[in-house]
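What follows is one structure encoded as structure tokens, with my remarks underneath.
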């Protein structure tokens with residue numbers, strides 16, 4: 001009996017385990033997958049000293065506030081290998097939680113609109129509508145998954161649970177994933193092969209709006225198992241809360257603050273940027289575990305960290321985090337030593353505040369792409 005037939009007969013909990021085992025044995029798809037040996041030695045970012053603006057991220061409808069990033073690993077449909085997908089959180093009036101577009105930017109600076117999503121034309125539920133977040137990944141087969149944490153007027157009291165939107169390689173929404181613990185999907189990383197995908201999603205609206213600005217320790221990290229098919233949309237086969245108890249609160253400037261960036265290393269450990277805790281934590285066995293690790297173990301805290309938002313794992317395994325408080329990039333070893341920093345944004349007052357979210361390692365480890373939402377651009381540290 002084939003793996004896919006066995007999956008069809010399994011329970012939801014068993015499917016998640018089977019999927020994780022298959023992924024652990026298979027080559028990962030896409031640029032957000034696992035880190036390999038670094039060509040640069042002990043510090044990844046210390047070899048890069050120049051920042052270049054690649055392109056504006058503002059599409060024709062005027063959406064601003066770029067958040068999520070995902071590197072295209074294979075050309076298919078409207079996806080072009082080496083380009084970067086970027087999700088916008090705000091509309092042209094700069095209202096948070098109302099952005100509806102994903103743009104595609106080439107290394108040479110060409111920008112196209114990959115998708116413009118209408119809340120009126122969805123194939124399923126997405127409570128509250130559309131407001132695209134940092135949660136953005138590309139799966140095997142060209143499936144694009146993006147989070148939505150919507151508002152009606154850009155203010156946190158109107159924020160709703162939202163959903164995960166699944167788009168095909170042509171930019172058409174084919175499925176929505178809502179409920180099952182999905183409540184304000186804020187950031188995400190993923191790993192996939194031909195038959196399975198695992199999404200690791202942070203959620204920041206568990207009791208947050210009702211607390212009216214007070215900190216509640218209810219932020220979660222969910223692992224969603226998806227069965228992938230060639231000619232039809234992925235199917236959700238299991239959801240497991242592998243992280244819980246993260247601090248979260250509403251914020252008049254940032255809408256909401258809670259667990260943000262996530263990155264998976266080659267040993268199956270998931271790193272989480274705990275923004276309110278001003279730390280990076282680690283959830284071991286993220287592909288396999290069937291219970292929550294709570295907030296995980298602390299990898300690093302304080303020091304050069306200043307409200308870490310975006311997170312990715314560098315070649316070689318170091319953790320890269322982008323500060324929301326001062327526009328600085330921090331590189332930390334898996335052992336917890338902060339070994340390098342670099343200012344990526346010094347605009348605004350205070351300088352660099354709230355400007356950095358998405359991070360993507362450039363092909364061949366040639367640098368680091370990032371979004372600067374203070375000036376609505378994609379930039380390259382190289």
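The values are calculated or read from the model by the stated rules, or taken from the named source; none is laboratory data. Here the structure is a predicted model, which is why all the values come from computation and not from measurement. Every residue, glycine as well, gets a Cβ built from its backbone with ideal geometry; the counts of neighbours run over all protein chains shown.
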Can you confirm whether residue 60 is part of a loop (DSSP other than H, G, I, E, B), modelled with pLDDT of 95 or more and within 28 Å of residue 321 (Cα to Cα)? no
Scanning for something closer than 18 Å to residue 42 by Cβ, in contact with a helix residue (DSSP H, G or I) (Cβ under 7 Å, 6 or more places away or on another chain) and surrounded by fewer than 24 Cβ atoms within 10 Å (Cβ to Cβ), does the stretch 335-351 turn up at least one residue? yes
Is it fair to say residue 210 is over 27 Å from residue 361 (Cα atoms) and free of Cβ contacts under 8 Å to residues at least 12 places away in the same chain? yes
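Being at pLDDT 95 or above and not in a strand (DSSP E or B) narrows it down to one residue among 304, 340, 282; which is it?
Every option except 304 fails the conditions.
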For the stretch 162-193, what are the residues that are out of contact with any strand residue (DSSP E or B) (no Cβ under 8 Å at 6 or more places or on another chain) and in contact (Cβ under 8 Å) with a residue 60 or more places away in the chain? 170, 193
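Residue by residue, here is whether (1) under 16 Å from residue 257 (Cα atoms); (2) part of a loop (DSSP other than H, G, I, E, B) holds:
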| residue | (1), (2) |
| --- | --- |
| 174 | no, no |
| 187 | yes, no |
| 213 | yes, yes |
| 223 | no, no |
Within the stretch 184-211, residues being surrounded by fewer than 24 Cβ atoms within 10 Å (Cβ to Cβ) and farther than 16 Å from residue 229 by Cα number 5
Determine which member of the set 259, 284, 234, 252 is closer than 18 Å to residue 134 by Cβ and either surrounded by fewer than 21 Cβ atoms within 10 Å (Cβ to Cβ) or touching a strand residue (DSSP E or B) at 6+ places or on another chain (Cβ under 7 Å) (or both). 259
Where the second residue is assigned to a strand (DSSP E or B) and crowded, with 18+ Cβ neighbours inside 10 Å and the first is in contact (Cβ under 8 Å) with a residue 12 or more places away in the chain and at positive phi and lies in the stretch 311-340, which pairs have Cβ atoms under 7 Å and are six or more apart or on separate chains? 327/356; 336/299; 336/300
